[in-house]
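Please treat every number below as a calculation from the coordinates, not as lab data. As the structure is a computational prediction, the values presented were derived from the model and not from experiment. Methodologically, a virtual Cβ is constructed for each residue, glycine included, from the backbone with ideal geometry; neighbour enumeration extends over all protein chains shown.
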Amino acid sequence: MTGTDARRDIVGTGTGTDTGTGVRHKAGAEPPAVWSRDFALFFVARAVARLGDTMLPVALAAGLLEHGYGAGAVGLAMASSVAAFAGLVVLGGVIADRFSTRRLMIGADLVRLVTQSFAAGLFFTGHVVLWQICVIGVVNGVAAAVFQPGVASTVPRLAPDIQGANGAIRIAESSAQLAGPAVAGLLVGFVSPGGLFAVHATTYATSALCLLLLRLPPLPAAARTAGPGLRAFRADLVEGWREFRSRTWLWGVIAVWCVYMIAVWGPTVPLVATEVVQHHGPRAYGLVNSALGAGTVIGGLLALRLRPRRMLRAGALALFAFFGFPATVGAGLGVPAMAAGAAVAGAGMSFWGVMWATSVQTQVPSDVLNRIHAYDVAGSLAMMPVGQALAGPAAAALGADHVLLVSAVMSVLVAAALLSVPAIRGLVRAETQTPTH
C-alpha cells in the first residue's frame, strides 16, 4: 500500500451518501454524534451483561468444586450453554427477523434472570446436582441464541455513526471482560458462590430494564412482516442462507475465520494458559490476560478515531498484530514481552472486530441482518471448540511451544488470506458505495 492509498483509506473519499440509518453526511467529514439517551441505555445493557457473563466461569468453577465436583463437571456445565447457543443461533436469527428484537432480547434476559436466580438458590441451599446445572446452562444457551442476533440490527437503529457505536460498545465489553473475573474473585472471597450467581442474575435484570426503557425507531418501510406457519419459517431460513451466500466478502471472511478458530484462536487460548502458568505462575498469566484485555480497549479507541474507506482491508492489516501473542509465549520470552505481545494482539483483534461488525451492519439489508449475523456467529463459534480439542493432542505430539509458534505463523497466513480475496480487501464502506455482493 502506498502512502497515498493509506491516507485515502483513513479519511475516505466520495461525495457522501446515505449511511443506511436515514442520516446523510459527507465521507471524510466529522462523523455524527454517537451518544443519545437510547444508545446510552443500550451501552449500559451490553456492558453490564458482559460483566455478568465473564463472572459466570468463576461462579461455576468455585461452586461446583466446593460441592465435590471436578474440572470435568465444570467443563460440562460450561459446554452445555455453548452447545445450545451454537446449535440454535441460526434459528434465533430467523425469529429475530420476524418479531420485535427488543421484546425478544428482554424476554431472553428475563429467562436468564430466572435461571440464574434458581441456580443461586441451589448453591445457597447446598442441593447442587450437576444435571440441573447443565439444564440451566442449556436454557441459558437457548436464551442467548434468541438474544444475540438482535444486537446486530439494534446498533444501526440507535446511532447514525455505526462504526463509532460499535467502537464504544467494544470498549465497554472489553472493559467488562477485563474487570469481570477480578470482581468475581473478590465476590467469591467475601460471599458464597450462591451470592455470585445472585449478582449474575441482577446483571440480566439490569440489561432487561435498560432494554425496556429503550425507544427504538421504526424499521425501514422495506422491512417485511412475518408470514405464518412452518413453511414461511423455512422460507425465511432459506432466504437468509441465499443472502449470506450471495455476498462473497461475507462468506469469504467466515470461511477464513473458521480456519482462524481451528489453527489460531482455538489452540492459543488453552496453550497460552498452560505454558504461562507452568513456567511463570498464575499471577503472570493474570498479567498477560489483563494486557490482552487492555489491548482490546485500545483497539476500540482506535476504531473510534480511524475511518478507513476499505474497512475490511484495514481490519485484516490490524490482524497481523495477533502474531505477537502466541509467538512470544511459544518462543519462551519473558513476562513483559508476553504482556506486550498480548496487548498488541488484543488491539488488532478489537479493531478488526469493529471493522467487521460495522461492515456487516451497513452492507446487509435490515430485513435479513439478524439472520446474516446469526450465520456469522454460528460459523465463527462452531470451529473454536475444534481448535481447543486439537490443542491437547497437538501439544503432546509437537510440544506446546511449537504449536504456539505454528499458530503464530497461521495468524499471519490467515490475515494474508483475507487480503488476497478481492471482494474482501476491495469492499468500500457503505457511506461511499452501494452495498456490493
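Computed over the chain with a Gaussian network model linking Cα atoms closer than 10 Å, the most mobile of A316, A396, A331 is A396. Among the listed options (i) 24, 56, 18, 2, 0; (ii) 25, 59, 16, 0; (iii) 24, 54, 21, 1, the one matching P(r) over Cα pairs in 20 Å bins from 0, in percent as calculated from these coordinates is (ii).
Here the Karplus relation 6.51 cos²θ - 1.76 cosθ + 1.60, evaluated at θ = phi - 60°, turns the backbone of region 323-340 into coupling constants of 3, x, 5, x, 5, 5, 6, x, 7, x, 6, x, 4, x, 5, 5, 5, 5 Hz, with x for every Gly and Pro. Taking every Cα-Cα distance in region 32-217 and sorting them into 10 Å bins from zero, the calculated P(r) comes out as 10, 36, 35, 16, 4, 0 percent. Adding -39500 (n - 2.57) for every DSSP H run of four residues or longer, then dividing by how many residues the chain holds, sets the calculated 222 nm ellipticity at -26500 deg cm²/dmol. Looking at the chain as a GNM with Cα springs under 10 Å, which of G167, G426, G189 has the largest mean-square fluctuation? In the Gaussian network model the winner is G189. When the Cα positions of Y204, F147, S36 are compared along the charge dipole of region 32-217, S36 comes out farthest toward the positive end, with charges on each C-beta of Lys, Arg, Asp and Glu. The modelled label-to-label distance for the pair A40/T274, using points 7 Å beyond Cα in the direction of Cβ, is 4.8 nm.
Springs join every pair of Cα atoms under 10 Å in this Gaussian network model of the chain, and among V129, V297, V264 the largest mean-square fluctuation is at V129.
Which length gain, in nm to one decimal place, applies between V238 and F190 when the Cα-Cα distance is subtracted from 0.36 nm times their residue separation? Could the numbers behind the result be given before it?
On the way: separation 48, 0.36 × 48 = 17.28 nm, distance 5.11 nm.
Full extension from V238 to F190 adds 12.2 nm.
The base-10 log of I(q)/I(0) for region 241-400, evaluated at q = 0.12, 0.14 Å⁻¹, reads -0.58, -0.76 [Debye formula, identical scatterers on Cα atoms, solvent excluded].
Given Cβ point charges of +1 (Lys, Arg) and -1 (Asp, Glu) and nothing else, what value in debye, to the nearest 20, does the dipole of the chain about its Cα centre take? Walk me through the intermediate numbers first.
On the way: 29 positive and 19 negative charges, 213 e Å.
Approximately 1020 debye in magnitude.
Considering only V414, G180, V276, and ranking their Cα positions along the charge dipole of the chain that arises from unit charges at the beta-carbon of Lys, Arg, Asp and Glu, the one farthest toward the positive end is V414.
For A416 and Q132, compute 0.36 nm times the residue count separating them, minus their Cα-Cα distance, and round to one decimal in nm.
So the extension gain works out to 97.7 nm.
Couplings for region 164-173, taken from phi via the Karplus curve 6.51 cos²θ - 1.76 cosθ + 1.60 with θ = phi - 60°, read x, 5, 5, x, 5, 5, 4, 5, 4, 5 Hz in order; Gly and Pro are left as x.
Just subtract the alpha-carbon distance of R283 and A331 from 0.36 nm times their residue separation and send over the number in nm, one decimal. The span from R283 to A331 would gain 15.3 nm if fully extended.
In this label model, R305 and S246 are separated by 4.0 nm, measuring between points 7 Å along each Cα→Cβ vector. When Rg and Dmax are taken over the Cα atoms of region 140-181, they come to 12.3, 33 Å. Rounded to the nearest whole Hz, the Karplus-based 3J(HN,Hα) values (6.51 cos²θ - 1.76 cosθ + 1.60, θ = phi - 60°) of region 265-281 follow the sequence 5, x, x, 5, 4, x, 6, 4, 4, 5, 5, 5, 5, 5, 9, 10, x, with x at glycine and proline.
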